[in-house]
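The values are calculated or read from the model by the stated rules, or taken from the named source; none is laboratory data. Remember, predicted model here, so these are calculated numbers, not experimental data. Methodologically, a virtual Cβ is constructed for each residue, glycine included, from the backbone with ideal geometry; neighbour enumeration extends over all protein chains shown. Surface accessibility is based on the protein's heavy atoms, side chains included, excluding ligands, DNA and RNA. Shrake-Rupley method; radii C 1.70, N 1.55, O 1.52, S 1.80 Å.
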Amino acid sequence: MTRVREKFSLVVTTFNNAATLDRCLSSAAFVDDIVVLDSGSMDATLEIARTYRARIFAQPFRDYSTQKQSAIDKAAHDWVLLLDADEALTDAARVEIERVLESPEAAGFRLPRREQMFWTFQHRWSWTNTHLRLFDRRRTRMNAAPVHAAPQTDGPVRTLRRAVFQHYGEPDIATKVAKINTYSTGLVADKLRRRQRFLGVRMVAYPPVFFIRQYVFKRYFLSGWAGFISAATGAYYVFLKYAKVYEARRRIQ
């Protein structure tokens with residue numbers, strides 16, 4: 001007897017994502033429902049969404065957590081696939097998602113994400129971080145992280161190692177540096193509220209530790225100079241997070 005998989009919704013939040021949205025939606029065209037929550041795009045983002053018969057909603061952006069949770073709440077089905085507009089599934093991910101939703105034995109599933117490294121992608125033998133992107137929304141809510149908001153479930157979570165998806169978010173060094181500047185600023189208020197200690201030690205010690213972890217232990221060296229630059233700019237991001245908090249603390253003393 002052929003099993004019938006659970007119906008599920010693709011949920012995407014957008015803002016001026018015409019350059020990547022078509023790739024994202026076409027990679028997940030097998031879903032049963034597409035929700036696009038837009039926050040004021042002025043390019044062709046909405047026209048692209050309409051070609052995939054997405055249900056389009058508009059809402060001013062407040063913060064990442066609120067925006068994504070609002071989009072999840074609009075899904076037609078309880079099972080949700082959450083992607084950013086600059087992400088896309090691989091063929092292997094589609095097969096694995098179809099298979100696991102025939103009889104889901106967890107409340108959520110983590111998928112490995114392969115990162116764009118400027119002119120290339122990270123080597124297939126380097127370490128890929130996993131992210132909770134397929135889940136039962138009845139048991140899942142977005143956390144309140146100020147920048148890197150992520151879903152959290154109250155049930156068991158499994159990792160689908162073959163279900164790799166790709167992140168096209170850093171096509172060049174300038175884009176990555178701009179993100180680093182924006183994200184590090186966005187974290188300042190939260191870190192001030194939590195009164196993080198030893199900022200000087202963190203500024204000095206953590207960036208080289210981060211670089212070694214990325215370049216050596218996560219095997220970014222396999223990606224050549226792209227891997228080196230990615231690890232180096234990541235270390236700069238770590239430095240900048242604490243440097244901006246230190247600056248803000250000095251200004252309010």
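Those helices (runs of 4 or more DSSP H) of the range 170-220 in which 3 or more residues are under 16 Å from ALA243 (Cα atoms), open to solvent by 50 Å² or more (accessible area, probe 1.4 Å) and in contact (Cβ under 8 Å) with a residue 12 or more places away in the chain occupy 173-186, 199-212. Scanning the range 5-51 for residues that are of a type in the set (Phe, Trp, Tyr) and surrounded by fewer than 19 Cβ atoms within 10 Å (Cβ to Cβ) yields a count of 2.
Within the range 151-169, how many residues turn out to be open to solvent by 60 Å² or more (accessible area, probe 1.4 Å) and assigned to a loop (DSSP other than H, G, I, E, B)?
Step one: list which residues in the range 151-169 are open to solvent by 60 Å² or more (accessible area, probe 1.4 Å), which gives 152, 154, 156-158, 161-162.
Remaining after also requiring assigned to a loop (DSSP other than H, G, I, E, B): 154, 156, 161-162.
The qualifying residues number 4.
Consider the range 132-150 and keep the residues that are modelled with pLDDT of 95 or more and in contact with a Leu (Cβ under 6 Å, 6 or more places away or on another chain). The one that is surrounded by the fewest Cβ atoms within 10 Å (Cβ to Cβ) is ARG133. Which of the residues that make up the range 222-253 are open to solvent by 60 Å² or more (accessible area, probe 1.4 Å), part of a helix (DSSP H, G or I) and more than 12 Å from MET117 (Cβ to Cβ)? Across the range 222-253, the qualifying residues are TYR236, PHE239, TYR246, GLU247, ARG249, ARG250, ARG251, ILE252.
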